[in-house]
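This report concerns only the one structure given below.
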Amino acid sequence: MNALRRLRATVADINRRYRSPRIEMSRPVRWSLMALRAYLLFLVALMVYRFITLVN
């Protein structure tokens, strides 16, 4: 149980440390990252749909 608490504290410390970005991103970079995120979500949704149609 103690090991889980230490692990949780370590993860919380890492999350706290890297909460805000350290570099400034330009507008095209932010748009590109948003497009990649949307594309990734689309691919995941497509795989879930394919899995559901195969199971049925």
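Observations, loosely collected:
- Whole-Hz ³J(HN,Hα) from phi, Karplus 6.51 cos²θ - 1.76 cosθ + 1.60, for segment 26-38, glycine and proline x: 7, 4, x, 5, 4, 5, 5, 5, 5, 5, 5, 5, 5
- Using bins of 5 Å that start at zero, the share of Cα-Cα pairs per bin across the chain amounts to 4, 15, 9, 11, 11, 13, 15, 14, 7, 1, in whole %.
- Couplings 3J(HN,Hα) of segment 39-56, computed from phi: 4, 4, 5, 4, 5, 5, 4, 5, 5, 5, 4, 4, 5, 5, 5, 6, 5, 6 Hz, in residue order, whole Hz [Karplus 6.51 cos²θ - 1.76 cosθ + 1.60, θ = phi - 60°; x for Gly and Pro].
- Karplus (6.51, -1.76, 1.60) ³J(HN,Hα), θ = phi - 60°, over segment 18-25, in Hz, Gly and Pro reported as x: 9, 4, 9, x, 9, 10, 8, 9
- Loop-located trypsin sites (Lys or Arg not before Pro) in the chain whose Cβ has at most 12 other Cβ within 10 Å (DSSP): ARG19, ARG22
Readers should treat all values here as calculations from the given coordinates under stated rules, not as data from a laboratory. As the structure is a computational prediction, the values presented were derived from the model and not from experiment. Positions of Cβ are generated from backbone atoms using ideal geometry, with glycine treated the same way; all protein chains shown enter the neighbour counts.
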